[in-house]
Each structure stands twice: as structure tokens, then as C-alpha cells.
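Step one of this worksheet: look at the structure below.
The values are calculated or read from the model by the stated rules, or taken from the named source; none is laboratory data. Because the structure is predicted, anything quoted here is derived from the model rather than measured. Note: ideal-geometry Cβ built from the backbone for every residue, glycine included; neighbour counts use all protein chains shown. These area figures cover heavy atoms from the full protein model, side chains too; ligands, DNA and RNA do not enter into them. Shrake-Rupley method; radii C 1.70, N 1.55, O 1.52, S 1.80 Å.
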Amino acid sequence: MRLPLVELILKATAYANKSDVDGVQSLLNSMISPPPTQATSRAFYELQEIGALDEFGYLTDLGAVLSRIPAHPRIGKMMVVGT
């Protein structure tokens, strides 16, 4: 089963301890086939761009809501903001 990296990072950040921001990156690096660093950086940037993560990589209130929606975070933000 494949999952977009943005969704994986958002859900892992939501489940991780708030004081362990580097834990998500170490989780990704410990995978059997870790994603390329550039793809990971792009995914973190996209989550910051939509407001799911702050500039330090911590989950925002919007990010907490988006992590519970079973859709891509950009689609989820449209659903949340559009209501």
C-alpha cells in the first residue's frame, strides 16, 4: 500500500511526541526503503505552506484537524476552510 509522503509525515507528526520533532525524520530514515531527502524536504515544506506545520516542524491546530481527515492535506484544508 502506497501513501503520499505528505500524508505520512502529517500522520506521523500527529502521533509523535510533540517534543520529538526529529523523531519523524528518524522514522523515515529507518524504513527499509527510505524516501529521498529531497522528497522529504519537499513534503515538510508543503505541510508548512498549507499551515499544517509551523516553521519549526510542530503540528499546528489546523494540522491536528487535517491529520484526522482521510484525504490529502490540501483537499482536507479545502474541506475545513470551505465549511
- Message: Suppose the chain between residue 11 and residue 79 were pulled fully straight at 0.36 nm per residue; how much longer would it get relative to their current alpha carbon spacing?
- Response: 22.7 nm
- Message: Within the chain, what whole-number % of the accessible surface is contributed by carbon and sulfur, with the 1.4 Å probe and all protein chains included in the calculation?
- Response: 59
- Taking a 1.4 Å probe, which of 37, 13 shows the most accessible area, and what order do the others take after it? 37, 13
- Task: Please work out how much accessible surface residue 24 shows to a 1.4 Å probe, ignoring ligands, DNA and RNA, in Å² rounded to 10.
- Result: 10
- Message: Using protein chains only and a probe of 1.4 angstrom, how many square angstrom of residue 26 are accessible, to the nearest 10?
- Response: 70
- Task: For the chain, count the residues as N, evaluate 2.2 N^0.38 Å, and divide the Cα radius of gyration by that value, please.
- Result: 1.03
- Once both labels are modelled 7 Å past Cα along the beta-carbon direction, what's the residue 54-residue 29 spacing in nm? 2.4
- Item | Filtered chymotrypsin sites (Phe, Trp or Tyr not before Pro), region 39-77: DSSP coil and at most 16 other beta carbons within 10 Å | 56, 58
- Query: Short version: ³J(HN,Hα) in whole Hz for each residue of region 60-69, in order, from phi by Karplus 6.51 cos²θ - 1.76 cosθ + 1.60 (θ = phi - 60°), x for Gly and Pro, what are they?
  - Reply: 8, 4, 4, x, 5, 5, 5, 5, 8, 8
- Task: Compare 40, 60 by solvent-accessible area with a 1.4 Å probe and give them largest first, with all protein chains kept in place.
- Result: 60, 40
- GNM on the chain, Cα springs under 10 Å; top mean-square fluctuation among 32, 69, 50 goes to 32
- Note on the structure: Sites removed, the longest contiguous part of the chain containing no DSSP-loop trypsin sites (Lys or Arg not before Pro) with at most 11 other Cβ within 10 Å is 19-67
- In the Gaussian network model of the chain, springs joining C-alpha atoms below 10 Å, which of 71, 43, 52 carries the largest mean-square fluctuation? 71
